[in-house]
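The values are calculated or read from the model by the stated rules, or taken from the named source; none is laboratory data. If you're wondering where the values come from, they're calculated on a predicted model, not measured in any experiment. Reconstructed Cβ throughout: ideal geometry from the backbone, glycine too, with neighbour counts over all protein chains shown. Keep in mind that these areas ignore ligands, DNA and RNA; they rest on the heavy atoms of the full protein, side chains included. Shrake-Rupley method; radii C 1.70, N 1.55, O 1.52, S 1.80 Å.
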Amino acid sequence: MIVGKLIDRYKRNYYIPYQDLKDSCESNRLSAIVVSTLLLVADLINLIVILIAHHSHLSENMHSTIYLCIYTPFNLYIFIHAKKAKNASNLVKTIPTYLLLFVGLSASVFNFYFMETPHNGFLTYYITSFLFLFLFSSSPFVFLLELLITLSILVPGVYRNFGLLSTVDAFVLTGIIFGLSLYKRRAEKKHFMLLKKQKKNLVAQTFGNFTLLYDGKVVKFSRSKSLELTAYLIYKNGSSVNTKELIAVLYDERANSARYGASLRNLIVDVKHTFSELEVQDFFISEYNNFRINPEVLQCDYYDFLAGDEQAKKHFAGEFMNQYSWAEDAAGFLDQKATK
């Protein structure tokens, strides 16, 4: 009975289905690329230092060499996985984040026991936990599971090296970290529910000419190409698009990035300003020189069509964002899909 009530309370306050976390999972993927890149750079620098400065004393640095031989390929795999997961499911996009947590936590065990530096191991455990908490969105219980597994391995060494009080502190701090993860998830859930309400007002009509409406009125931008920029990102259905691709689409495939970069930046400022004026939250998102929209916060006939909605299929008459040449192939694809 008590367990059932706890599960119901968790679902009510903290649970968000993966299919509804498209925006968060894409943010996780992009953050994983950045973090894994930084780790790879650090690994390579350490490896070069060992090979150049300590090549005659490799045996004295054997533990460090083993560490790098294990974690450098692992970080490389995470980077490749995150890059390839651009069009993957939400769950697949999140896997690299949990792998990064595993890398950090297992590194704390490696430092504690194999490198024989308990202080570094203990510190690595907490740094990894707090960085993961603030950089990524994750299931609190998956997060807790990885923490508890690592802590159970560290506890004997913590007690042996630091005593009973430090062992108790380890459990207390882990509990605090878990509590913060629940607090963060609760805030994410509230924000998610707010965005679901916003979805009723933001509408994209893509069949025929592209039109963007908010609260029943056409959204007007200061620059003509700002609407096309928004249309292309809606067409990409939440996938990230980099600056080079946007310049090629909006200006020309042969357009020079240096020349048109300033123009694109002006469009981005215009789009952000327009949605800010309308008080539209978390729709247009820019991260690490990548741009996308959050498809969870707008109504769109194109998205309904892709989801198999019969009414959307009936409304499609072979026309898709007619004013844009890049949409011609998409119109053909939708036409084929509609006849199946």
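Enumerate the calculated ³J(HN,Hα) couplings along region 322-333 in order (Karplus 6.51 cos²θ - 1.76 cosθ + 1.60, θ = phi - 60°), each rounded to whole Hz, writing x wherever the residue is Gly or Pro.
4, 6, 10, 5, 5, 8, 5, 5, 5, 4, x, 5
Could you pull out every one of the lysines with an alpha carbon less than 23 Å from that of Lys5, ignoring same-chain neighbours closer than 8 positions?
Filter leaves Lys184, Lys189, Lys190.
Out of residues 5 or more away from Phe320 or on other chains, whose amide H comes under 5 Å of its own, with H placed 1.01 Å from N in the peptide plane?
Gly208
Relative contact order, percent, of region 144-289 when contacts are C-alpha pairs under 8 Å separated by at least 6 residues?
16 percent.
Pop out the carbon and sulfur fraction of the accessible area of region 160-254 as a percent, whole number, probe 1.4 Å.
Answer for region 160-254: carbon and sulfur cover 54 percent of the accessible area.
With only Lys, Arg, Asp and Glu charged, each at its Cβ (+1 for the first two, -1 for the last two), find how big the charge dipole of the chain is about the Cα centre; round to the nearest 20 debye.
Its charge dipole is roughly 680 debye.
DSSP loop chymotrypsin sites (Phe, Trp or Tyr not before Pro) in region 239-281 with at most 16 other Cβ atoms within 10 Å of their Cβ, which ones?
Tyr251
With a Förster radius of 56 Å, plug the Cβ-Cβ distance of Leu180 and Asn322 into 1/(1 + (r/R0)^6) and report the FRET value to the nearest 0.05.
0.70
Per residue, how much accessible area does region 168-294 have with a 1.4 Å probe, in Å²?
Each residue of region 168-294 exposes 54 Å² on average to a 1.4 Å probe.
Taking R0 as 56 Å, what's the FRET efficiency between Ala258 and Val142 from their Cβ-Cβ distance, rounded to 0.05?
The value I calculate is 0.80.
If you plug each phi of region 24-29 into the Karplus form 6.51 cos²θ - 1.76 cosθ + 1.60 with θ = phi - 60°, what whole-Hz ³J(HN,Hα) values come out, in order, with x for Gly and Pro?
Coupling constants for region 24-29: 5, 5, 5, 4, 4, 4 Hz.
If you count, for each residue, the other Cβ atoms within 10 Å and average over each peptide, how do 93-103, 221-231 line up from highest to lowest?
The most tightly packed comes first, giving 93-103, 221-231.
Over all directions, average the projected area of the Cα convex hull of region 192-277 and note it in nm².
6.4 nm²
Treat each spin label as a single point 7 Å out from the Cα along the C-beta direction, and report the Ile127 to Glu188 distance in nm.
The modelled label-to-label distance comes out at 2.4 nm.
In a shell of Cβ-Cβ distance under 10 Å around Pro140, excluding Pro140 itself, what net charge do Lys and Arg (+1) and Asp and Glu (-1) give?
+3
Ignoring solvent entirely, what values of log10 I(q)/I(0) come out of the Debye formula for region 85-179 at 0.13, 0.16 Å⁻¹ when each Cα is a single scatterer?
The computed values of log10 I(q)/I(0) come out as -0.44, -0.64.
What residues have an amide H closer than 5 Å to that of Leu202, excluding those fewer than 5 places away on the same chain, when H is modeled at 1.01 Å from N in the peptide plane?
Under 5 Å from the amide H of Leu202: Asp215, Gln299.
Work out, step by step, the length gained on full extension between Ala330 and His315: first 0.36 nm times the residue separation, then minus their alpha carbon distance; give nm to one decimal.
So the extension gain works out to 3.8 nm.
Given points 7 Å out from each Cα along the Cα-Cβ axis, report the Thr211 to Arg12 separation in nanometres with one decimal.
About 4.2 nm, to one decimal.
Just order 313-322, 105-114, 23-32 by mean Cβ neighbour count inside 10 Å, highest at the front, would you?
Packing order, densest peptide first, comes out as 23-32, 105-114, 313-322.
HN-Hα J couplings of region 141-158 from phi, Karplus 6.51/-1.76/1.60, θ = phi - 60°, integer Hz, Gly and Pro as x?
These are the phi-based 3J(HN,Hα) values: 7, 5, 4, 4, 4, 5, 5, 5, 4, 5, 4, 4, 6, 7, 3, x, x, 5 Hz.
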